[in-house]
Every structure is written in structure tokens, then in C-alpha cells.
Amino acid sequence: MIETIIFLIVSFLGIFLASFWIQVIFFVDNTVKLDRTYLPTVTLLVPAFNEEEGIANTLDSLLLLDYPKEKLTVIVIDNGSTDRTVDIVKGYKGVKLLHEPKKGKACALNKGIRESITELTGCVDADSIVSRESLRNQVGLFVSFDVGAVISVIKIRQPKNLLEKVQHYEYILTAFVRKLMSTINTLYVTPGVLTVYRTKVLKQVGGFDENNNLTEDLEIALNLRYHHYKVLIQSESITYTNPPRTFWAFWRQRVRWFRGLIHNSIKYRKMFFNSDYGLLGSFQLPLIAVTQFVLIISFLTIAYHIFDFLYTKIHSLVLLKEGIFNLLSLPSLTEIIYRLNPLVLIPVLVSLIMGVYLMHKAHQHIKESWSYVPVLVFYFFLLPFLTALHWFWAIVLELTGARRRW
Amino acid sequence: MVERTLRNILLSSLVIACLVFVAGILLGISLNDFKNQDAFDSLKLVDLNAESYLIEREFISTYNVSYTEEQACDTLRNRFYSLSDELNEIRHLLVSFEKDQNFENKEYDLLVREYFLTEIQVYLLLENFRSGCDDSINTLVFFYGLEGNSEQQGVIIDALFKERGDIFVITLKKDYNDGVDTLGAKDPLFDLFEDHFTIGQTPTLIVNGEKYEGLINYPTLNELVGEKI
């Protein structure tokens with residue numbers, strides 16, 4: 001009974017949200033003006049700590065950007081690398097190298113911000129690649145003075161294994177949802193993979209949080225929103241990132257993200273249920289808390305039932321011994337019909353159809369063709385389960401005061 | 001303007017989500033009606049077959065025109081196998097039905113009462129048959145509960161039933177009357193039946209009249225039931 005109620009709450013939330021976003025696609029036209037002739041001076045900051053593997057590719061893509069060279073400055077801030085990162089950077093003539101001894105990505109970025117004298121400042125992770133036209137497209141959205149930051153669409157670079165392919169779908173849908181959030185002005189993330197900020201605003205809000213913040217990019221976004229600046233996404237600005245390739249790397253990344261989200265949500269709790277922040281305060285931010293709570297409760301219930309089911313089945317099989325083969329018969333059609341529960345089945349089917357539709361629109365949005373379709377099964381049925389586990393562990397670590405580290 | 005549109009969207013999303021759930025509830029009610037009706041029909045068939053058995057027995061004992069005693073017993077035994085299969089099928093349907101019962105379903109409670117009564121009725125007929133024909137149809141009465149190892153025991157009995165085909169199984173929920181509130185779903189006969197066997201725990205099995213408490217694995221149960229006919 002209790003699991004059915006939880007299941008219904010999850011389905012209800014799923015249908016409500018999917019229906020909300022689908023209607024936003026059709027009924028909200030809040031197109032932000034784009035000025036393609038606006039080409040201000042830009043500094044791109046690349047914080048680096050032992051990035052010898054990928055930094056050359058990142059710098060190559062930055063130097064190939066379709067942007068007036070006299071208006072573009074690229075700065076790498078070395079954060080105490082012990083590998084060949086510094087040597088590699090020194091090989092690039094058009095790149096300025098700074099050193100920040102104080103550990104932490106936020107410290108490195110702040111060093112760069114202090115050096116930045118251009119109108120806009122972009123932050124780029126040292127393992128990312130940007131497309132040629134990305135920066136030009138992003139700066140065109142800074143025509144309005146209340147725009148604090150513009151983010152890009154992030155894609156997974158050449159996904160190979162199952163985990164990367166699942167993330168490939170996740171990033172596509174995330175980009176689309178961010179676009180919709182941007183449309184209704186509730187976007188509150190500025191990822192490290194090429195986000196462009198208004199330099200004056202970055203300095204005004206105090207730069208990145210150096211106080212051991214696990215997700216400094218989320219913190220700065222919330223900080224901008226706290227000061228009533230908009231965060232937008234430019235769908236025509238495509239960037240690429242390398243996702244975690246192993247289960248444990250993925251686990252560490254997600255737990256870090258969620259711990260950062262918990263920490264920063266507490267830090268900016270005044271924005272929750274605050275109508276001064278429009279839909280962001282009254283809908284989007286509270287939704288995070290509600291969905292995560294429901295997700296964790298669902299996970300615990302499902303985990304209990306799976307355990308109970310497996311225990312009963314295994315125990316039965318052990319007791320059956322030679323009688324085991326008598327169980328290998330399929331249920332009759334009548335039995336299947338008897339087991340159907342429309343109250344659960346219909347919401348699940350509807351939310352699944354809506355999910356697939358949103359995924360289809362997401363592919364259209366970033367002009368990405370469908371690939372690795374069988375992986376969708378894992379995306380829809382396994383990833384939420386894993387996400388609940390990540391959340392659960394992140395909460396445990398935050399509650400126990402475990403040390404925050406990357 | 002955009003704020004107003006968004007407010008409308010939020011509201012309509014809420015309405016859509018509610019509508020989907022109402023659709024689910026309505027379809028669920030219709031499907032439950034279908035299941036109830038279907039199960040009642042199946043039970044009615046068992047009732048008819050039981051009645052037919054009684055008449056057949058009466059007919060044989062009254063006229064005994066061409067049957068030897070052995071032939072008569074064979075005919076009646078086949079009746080029991082048939083009844084046993086039908087009850088087994090209904091039992092599976094009811095278990096499937098019960099697993100997805102989310103909310104109160106009075107018809108289902110009445111259905112279960114009807115089923116248990118039919119089982120006991122057929123069991124009594126079988127006891128009479130056994131004494132009359134000195135027959136070796138194996139009977140297995142399974143008292144189950146929601147806690148403990150009843151589910152595992154059910155799986156074992158199912159497997160044995162499929163393997164042998166010569167067992168007449170009836171299943172009864174221990175303390176059934178205490179667990180239902182639906183008017184008309186309780187039956188004093190269930191308590192009487194339970195008291196007769198002095199059932200203390202679940203699972204408890206009555207194999208050919210002998211009581212065994214606790215979980216019994218497949219080989220042991222197979223041995224207890226005796227040689228296959």
C-alpha cells in the first residue's frame with residue numbers, strides 16, 4: 001500500500017512536470033534579443049590542475065574560436081600542477097599563464113577575474129572543447145543589462161561505454177530543460193564548460209566562493225540570481241566535455257554535485273519560496289527539494305522491495321531443490337490481466353510517453369540525431385535509481401559533516 | 001504577460017496530472033469489476049461441478065447399472081482432479097488480484113469468502129469420497145499468513161502440484177476473519193475449520209490429515225505426500 005502511494009506521488013510529479021515543460025514549449029515565447037554584431041572584449045579563464053591530458057585540445061579549440069583576436073584574451077591559471085601542464089601551456093604563444101598557489105578552482109578563477117579587464121569573462125574547464133562559433137553566439141545575448149551570464153549547450157564527446165552513452169542522453173535532455181528554464185527565467189546553473197559572465201557583475205558579487213565550495217559554478221549562478229541577474233542559455237553555442245568513464249568516477253562526481261547543491265541551497269535558502277525571485281523562488285528551487293525527497297523515499301522503498309523479493313525468491317529456490325523446473329512456466333493471459341493495475345500503469349505510461357516526447361524535442365533542439373536508442377532503457381529506468389542513491393549518499397555525507405573534497 | 005501564461009500553464013499541468021489519475025482510477029474500477037465478475041463466474045462453475053459430482057454419485061449409487069465399484073471410483077476421482085485444477089486456477093487469479101489491491105475492494109473480500117467456502121465444500125466431498133472409495137487422492141490443506149515463510153511454502157506447493165497432479169490442495173488464510181471489515185465477508189466456518197486443526201502458526205500444512213508446522217522444503221513435502229498415484 002505505502003509503496004503504491006509513493007509510486008503514485010512520483011508518477012504525479014512526473015506527469016505534472018513533463019506536462020508543464022511541454023506546455024512551455026508550445027505556449028511561452030520569451031525569445032531574448034540576440035545581437036550578432038555585438039562583439040565586446042572577452043577574457044577566457046582556464047583553471048588548471050594537472051591537466052596535461054586534455055589542456056592542449058582545450059587551448060587549441062579556444063584559439064580557433066571565430067572571434068576577433070584583438071578582442072580575445074586567453075588566460076590559464078595554474079593551480080599548482082605537478083605534471084606537464086605548465087610546459088604545455090608555455091608552448092602556446094597566444095595564451096597568458098598565471099599561477100595561483102592557493103588550492104581550489106574558485107581561487108584560481110578569482111585570480112583570473114582580478115586580472116580580467118575586458119567587458120566579459122568566460123570560464124572554461126581544462127578538459128573541455130568549444131565549437132568555433134560558440135563564443136560569438138553567446139556574447140550576442142548580453143544586449144540586456146540584467147543578463148549576468150550566458151551558458152552553452154554541453155554535449156558528451158564521443159561516448160563509448162554504456163555509462164557515457166547514458167550520460168549522452170542525460171546531457172541532451174538537460175540542455176533542453178535548461179533552454180526551457182532560460183525561457184521562463186528560472187535557470188540557476190552556470191557550468192564550467194564555457195560560461196560567459198559580465199565581468200563587472202562577477203566582481204560586484206564577489207567572484208567565486210573560495211570557502212571550500214564543491215560546486216563553485218552553481219554557487220556563482222545562485223549568487224547572480226540572488227542579485228537579480230538573469231542566467232541564459234545559448235542553444236547555438238555547442239561545447240563538449242569528457243564525462244566520467246567509470247562507475248566510481250561517476251559516483252564521485254554526482255555525489256559532489258549533490259553535496260554542492262545541498263550546501264548552496266542552504267546558503268541561498270532565502271530565495272526559496274520568495275516571490276521576489278518569481279518562478280525561480282516560488283517553483284523551481286522548491287521543486288529541487290520536493291523531487292529529491294520523493295526520489296530518495298522511492299529509492300528506499302524500491303530497495304526494500306527488491307531485497308524482500310530477491311530474498312523470498314532465492315529462499316524458495318533453495319527450498320525447491322529438484323522441484324525448481326516446475327516453476328519455469330509463464331503466467332496465463334488472464335493472470336496478467338488480473339495483475340494489471342491501471343492506477344499505476346496509466347500514469348507510468350503517460351509519463352513515459354511524455355518523457356520520450358521531451359527527449360525527441362531535446363534532440364531537435366540541439367540538432368542531434370538519435371543514437372544508442374537501446375540505452376534509453378537504462379536512462380529512463382536505471383539512472384533515476386542511481387541518482388536517488390547519489391542523493392542519499394550526498395545527504396548522509398552532509399549530515400555527518402564529512403570533509404568536502406573534489 | 002509571460003507570468004500570466006506561466007500561471008495558467010502551472011494550473012493546467014496540475015489539471016492534466018489529476019485527469020490522468022482520474023482516468024487511471026476509472027479504468028481501475030472497470031477492470032476490477034471485470035476481474036470480480038470473471039472470478040465469480042469461475043467459482044460458479046466449480047460450484048456447478050461440485051453439484052454435478054454429488055448428483056453423479058447419487059446416480060451411481062442409485063442405479064449402478066453398468067459400473068463396477070472401481071469404475072465408479074475412477075469416474076468420481078477424475079471429477080476431483082478436474083475440480084482441483086479449477087480451484088488451483090482460481091487461486092492463482094485471486095493471488096494475482098490480491099497483489100495489486102491498493103484500496104478497499106468489498107467485492108474482492110466477498111469473492112475470497114466464496115472461494116474459501118467452495119474449497120471447504122470440495123474438501124468435505126473429497127473426505128467422503130476417500131472413505132467411500134478407499135482412495136488415495138492426496139489432500140493438502142495449507143494455512144498461510146502474510147508474515148513468515150508462507151510465500152515460500154506457496155511456491156513449493158505450486159511446484160509440487162504441477163509435478164504430481166495427484167494432490168488436492170486447499171489454501172486458507174489463518175485468522176482470515178480478523179483481517180476483514182467488509183460486511184458479509186466473514187464466515188464462522190473458517191474459525192471452526194481452523195480450530196478443528198488447532199492452527200497455531202503459519203505456514204501449517206495438513207497432509208492427508210497429518211499436521212506439520214513450519215516451512216517444509218520440496219523433497220520433504222514430496223515424501224510426506226507419499227507415492228505418486
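Among the numbered conditions (1) in a helix (DSSP H, G or I); (2) touching a residue at least 12 places away in the same chain (Cβ under 8 Å), tell me where A:Gln253 comes up short.
(2)
Of everything in the stretch A:226-246, what is outside any strand (DSSP E or B) and closer than 19 Å to A:Trp257 by Cα? Give them in sequence order.
If the condition is that a residue be outside any strand (DSSP E or B) and closer than 19 Å to A:Trp257 by Cα, then A:Asn242, A:Pro243, A:Pro244, A:Arg245, A:Thr246 are the ones that fit.
Report every pair of residues separated by at least 6 positions or lying on different chains whose Cβ atoms are under 7 Å apart, first residue within the stretch A:161-173 and crowded, with 19+ Cβ neighbours inside 10 Å, second among the charged types (D, E, K, R).
From residues that are crowded, with 19+ Cβ neighbours inside 10 Å, the pairs are A:Leu163/A:Arg245; A:Glu164/A:Arg245; A:Tyr171/A:Lys155; A:Ile172/A:Glu368.
Name the residues in the stretch A:378-403 that are loosely packed, with under 13 Cβ neighbours inside 10 Å, assigned to a helix (DSSP H, G or I) and modelled with pLDDT of 85 or more, would you?
A:Val396, A:Leu399
Tell me which helices (runs of 4 or more DSSP H) are completely within the stretch A:81-178 and hold 2 or more residues being more than 22 Å from the chain's Cα centre (by Cα), or say none if there are none.
In the stretch A:81-178, A:85-90, A:105-115 are the helices (runs of 4 or more DSSP H) which contain 2 or more residues that are more than 22 Å from the chain's Cα centre (by Cα).
Assess whether A:Ile337 counts as being of a type in the set (A, V, I, L, M, F, W, C) and within 14 Å of chain B (Cβ to nearest Cβ).
For A:Ile337, the condition - of a type in the set (A, V, I, L, M, F, W, C) and within 14 Å of chain B (Cβ to nearest Cβ) - is met.
How many residues does the stretch A:116-139 contain that are closer than 15 Å to A:Pro40 by Cβ and surrounded by fewer than 24 Cβ atoms within 10 Å (Cβ to Cβ)?
Matching residues across the stretch A:116-139 total 6.
B:Asn32 versus (1) within 14 Å of chain A (Cβ to nearest Cβ); (2) surrounded by fewer than 19 Cβ atoms within 10 Å (Cβ to Cβ): which is the lone unmet condition?
(2)
Listed residues A:Ile2, A:Ile25; which is loosely packed, with under 15 Cβ neighbours inside 10 Å, on the phi < 0 side of the Ramachandran plot and more than 10 Å from every other protein chain (Cβ to nearest Cβ)?
On inspection, the qualifying residue turns out to be A:Ile2.
One line per residue, one yes/no per condition, for (1) closer than 30 Å to A:Asp29 by Cβ; (2) away from chain A (no Cβ under 14 Å); (3) without any contact (Cβ under 8 Å) to a residue 12 or more places away in the chain:
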site	(1), (2), (3)
B:Leu6	yes, no, yes
B:Val15	yes, no, yes
B:Phe40	no, no, no
B:Asp47	no, yes, no
B:Ala50	no, yes, no
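Hey, could you check the stretch A:32-76 for residues that are without any contact (Cβ under 8 Å) to a residue 40 or more places away in the chain and under 24 Å from the mean Cα position of the chain (by Cα) and say which is nearest to A:Ser144 (Cα to Cα)?
So the residue we want is A:Leu59.
Among B:Leu26, B:Leu94, B:Leu83, B:Leu76, which is over 22 Å from A:Leu333 (Cβ atoms), assigned to a helix (DSSP H, G or I) and facing chain A (nearest Cβ under 9 Å)?
B:Leu26
The values are calculated or read from the model by the stated rules, or taken from the named source; none is laboratory data. Source: prediction; values computed, not measured. When we count neighbours, we look across all protein chains shown, and the Cβ atoms used for this are built from the backbone with ideal geometry, even at glycine.
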